[in-house]
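Accompanying notes for the structure given below.
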Amino acid sequence: MNRRDFLITASAAALAPQVSFARSQFELVAEPVEAQILPAEEYAATQSFGFNGGLPGPEIRTRQGHPLEVLLRNKLNEGTAVHWHGIRLPNAMDGVPVLTQKIVDPDATHTYQFSPPDAGTFWYHSHYLSHEQVARGLMGPLIIEEATPPDVDHDITAVLADWRLDQNGQLTDDFATMHDIAHGGRMGNFARAFLPDVPLKTGERIRLRLINAATDRIFPLNLSGIKGKIVALDGMPLTAARDFETIELAPAQRVDIIADVESTLEIAMATRGGSYPLGQIDPVGSTEPRTIPIPVLSPNEVPRPGDVAQELVLTMQGGAMGGRHGGDNIWAFNDLSDMQPAPFASFSRGETARLRLVNETSFPHGIHLHGHHFYEVQSDGTLGDLRDTSLVPAGETQDILCVFDNPGKWMLHCHMLSHQAGGMKTWVEVL
Ligand code: C2O
Ligand code: CU
C-alpha cells in the first residue's frame, strides 16, 4: 500500500461510524520504502525507511482506556524499537533500547501492549539511532479518541517533517555530522506537512492535529483559511481554548486546533523571507457554519502536583562555543554526557518534584520526559501548560513540576535528535 492509499483509507476510517471494540490490534512493519516526498511531476520517489510500505507510518487510532496491541515486525537490515511518545504507559512498553527493552533485531518481532490513559494527539517513532531512523521516516501518528469526541466535521492529522535531499530527491546520508550536532541539528532542505485527502467544505468545523516529527527543526507555523483556537498541547486539553497567531512547535510537540474553514486551509512555515508552504487542502463546496463557540475538550486525569519533595536543577551545556569536544560528548546535562549507569534522579512513586531546566547554551532545546506529563511553571509561579516536551530557548530557564507516579526507568532528553545523539540525554528512576 503506498502512502497515498493509506492516507485515503485513514481519512475514510476517521469518518466511519464509531464501532466499539475490546482490543485494537495493529501490525507495524518497519521496512525500506519508496516514498514520493517531493512533487511527482519533477522528482523520483525517495528511497527511505517507513512503516507498512510508506512514510509517515499509518495512523494508529484507538479509544482512550482501551487495550491496544501493536506487533512490530522488523524488516530492516538493522535493529529498531518503537517509542510511543507522550503516552503514560507501563515502563516495559516504552520502547527504549536498552533501558526498557532489547533492540528488535532484523527479522525479529516485538509486541507492545498498553491501554492509553489519555485521549489526545500522540505519535510513535523509532527510539534506536533515532536521529537517523526518524529522519528516514520511522514515525507516525497515534491518535487516542475521547469516549465522546468534540463536534467537528473532520478530524485531520498533519505530520510535519523535513528531509535533506540531493538533486535526485534522495536522502543524503550525512547523519550526525559534528557540525550539525554542535549547532541546531540536522535540518532538512525540504519540509512538508503530510495531510489526508479530505473533502472539506467552507463553513465546516475541523479538528486539526499538528505533529512535529522533524528530528531537529522548530516549526514556526502560520495557518490560514481557518478561524479557531488551540484546544490542546502535547495531547493534553487546555482548560480554556486559546487564540493564536504564529504557532511555534518544537520537535515532538503537538498542537490540536478546532477551527471553522473559511477558504483554502494552508499550513506554512514562517521564514525570514516570508512564508514556506507545507501543505494545503482546497475546499470542494460550502455549508452553513456553526454558531456555537469552539468547544473545550474534557481534561485527562493527570495527578495535580502536591508538596514539592525534591528540587533539582538540570543544566544544559555544550554545543558550538560550549567548550565540550568529541563524538557523543558534545552536549551534556550537569557535566555528564550520554546515558550513565546511575539515574539523574530517583523518585519515590507519587512524589512531586520541581525541575529547573537551565539552558546555558547558545541553542534552543526541547526537553522531553518519558512516561509522564509535567506542568510548565509560569514566570509568576502559577501552573502553566501540561506538556511532555518543553522548549527552552537559548540562555533561558524553565521550571517544570511533575508528579512522578509511573514506576520504572524513564529517559529525559533533548528531542532535537541530533543533540540527543550528541550526548544530551539522561534518565530518571521512579521506585
Ligand atoms: Cu519522542 Cu525519547 O522520545
Ligand atoms: Cu537540544
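Data overview
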quantity: Considering residues of the stretch 308-367 that are touching a strand residue (DSSP E or B) at 6+ places or on another chain (Cβ under 9 Å) and at positive phi only, the residue nearest to ligand 1 (Cβ to nearest atom); calculated: Asp338
quantity: Cβ pairs under 8 Å, 6+ apart, first in the stretch 267-278 and in the same structural domain as Ser224 (by TED's automatic domain parsing), second surrounded by fewer than 16 Cβ atoms within 10 Å (Cβ to Cβ) and not in a strand (DSSP E or B); calculated: Ala270/Thr246
quantity: Within the stretch 328-364, tally of residues that are touching a Gly at 6+ places or on another chain (Cβ under 9 Å) and surrounded by 18 or more Cβ atoms within 10 Å (Cβ to Cβ); calculated: 11
quantity: Sole exception among (1) in contact with a helix residue (DSSP H, G or I) (Cβ under 8 Å, 6 or more places away or on another chain); (2) surrounded by 22 or more Cβ atoms within 10 Å (Cβ to Cβ) for Lys409, by number; calculated: (2)
quantity: Single match in Arg304, Arg290, Arg324 (criterion: more than 21 Å from Met236 (Cα to Cα), away from ligand 2 (no atom under 16 Å from the Cβ) and outside any strand (DSSP E or B)); calculated: Arg290
quantity: Failed item in (1) of a type outside the set (D, E, K, R); (2) touching a Pro at 6+ places or on another chain (Cβ under 8 Å); (3) crowded, with 21+ Cβ neighbours inside 10 Å, with Ala135 passing the rest; calculated: (2)
quantity: Criterion (more than 30 Å from Phe404 (Cβ to Cβ), touching a Pro at 6+ places or on another chain (Cβ under 7 Å), crowded, with 18+ Cβ neighbours inside 10 Å and among the charged types (D, E, K, R)) met by exactly one of Glu78, Glu59; calculated: Glu59
quantity: Residue ranges of strands (runs of 3 or more DSSP E) in the stretch 352-417 with at least 2 members under 21 Å from Met321 (Cα atoms); calculated: 365-369, 389-392, 408-414
quantity: One residue from Gln25, Gln36 being exposed (fewer than 14 other Cβ atoms within 10 Å of the Cβ), outside the structural domain of Leu195 (by TED's automatic domain parsing) and of a type in the set (S, T, N, Q); calculated: Gln25
quantity: Counted residues, the stretch 368-386 - those being of a type in the set (Asp, Glu) and either surrounded by 15 or more Cβ atoms within 10 Å (Cβ to Cβ) or on the phi > 0 side of the Ramachandran plot (or both); calculated: 2
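Table: residues versus (1) part of a loop (DSSP other than H, G, I, E, B); (2) aliphatic (A, V, I, L, M).
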residue: Asp151; (1), (2): yes, no
residue: Asp155; (1), (2): no, no
residue: Val159; (1), (2): no, yes
residue: Gly188; (1), (2): yes, no
residue: Leu210; (1), (2): no, yes
residue: Ala232; (1), (2): no, yes
residue: Thr239; (1), (2): no, no
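The values are calculated or read from the model by the stated rules, or taken from the named source; none is laboratory data. Here the structure is a predicted model, which is why all the values come from computation and not from measurement. Virtual Cβ from ideal backbone geometry, glycine too; neighbours counted across all protein chains shown.
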